[in-house]
1. Which order results if ILE59, ILE101 are arranged by neighbouring Cβ count within 10 Å, fewest first?
2. Rule-of-thumb check for the stretch 33-114: C-alpha Rg over 2.2 N^0.38 Å?
3. Can you give the FRET efficiency to the nearest 0.05 for MET108 and PHE20, using r as the Cβ-Cβ distance and R₀ = 41 Å?
4. Using the Karplus curve 6.51 cos²θ - 1.76 cosθ + 1.60 with θ = phi - 60°, work out ³J(HN,Hα) for each residue of the stretch 55-66 in order, rounded to whole Hz, and write x for Gly and Pro.
Amino acid sequence: MADNDWKKRLNVVYSTNPDFKFESGENEKYQTETAPPTKQDLRVMLDKKNRGGKAVTLITGFKGKEDDLKDLGKILKTRCGVGGSVKDGEILVQGDFRDRILTLLHEMGYKAKKAGG
């Protein structure tokens with residue numbers, strides 16, 4: 001039954017090839033492995049562009065799986081007690097928490113430094 005899951009094939013219209021095998025492209029072995037915290041080179045900066053004057057702390061430079069990035073983002077947002085999001089390989093934390101996030105990342109074993117202003 002798993003080979004005939006129609007929901008995974010919604011965007012395929014029709015194939016005349018009798019040997020056609022549908023591949024969803026969601027194979028986990030193609031995702032890059034997450035580097036250990038000591039091998040990460042994270043940048044922590046303050047960003048106010050296109051945010052209506054509101055400041056966000058932006059963490060960039062994470063190398064690894066999207067799920068691991070989301071987990072790190074959740075930990076940082078929880079420890080700072082604020083909201084934010086994880087998208088496009090970046091963690092956004094609402095407010096200016098550069099120093100606190102740097103301290104938290106160093107405690108977790110990450111290599112991180114301030115960037116920007």
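Rule-based calculations on the coordinates, nothing more; no lab input. Not measured: the values here are computed from a predicted model. Glycine gets a Cβ as well: all are built from the backbone with ideal geometry, and neighbour counts include every protein chain shown.
1. The most exposed by this proxy come first: ILE101, ILE59.
2. 1.00
3. 0.30
4. Per residue, the Karplus-derived 3J(HN,Hα) values read 8, 10, 8, 10, 10, 10, x, 6, 10, x, 6, 4 Hz.
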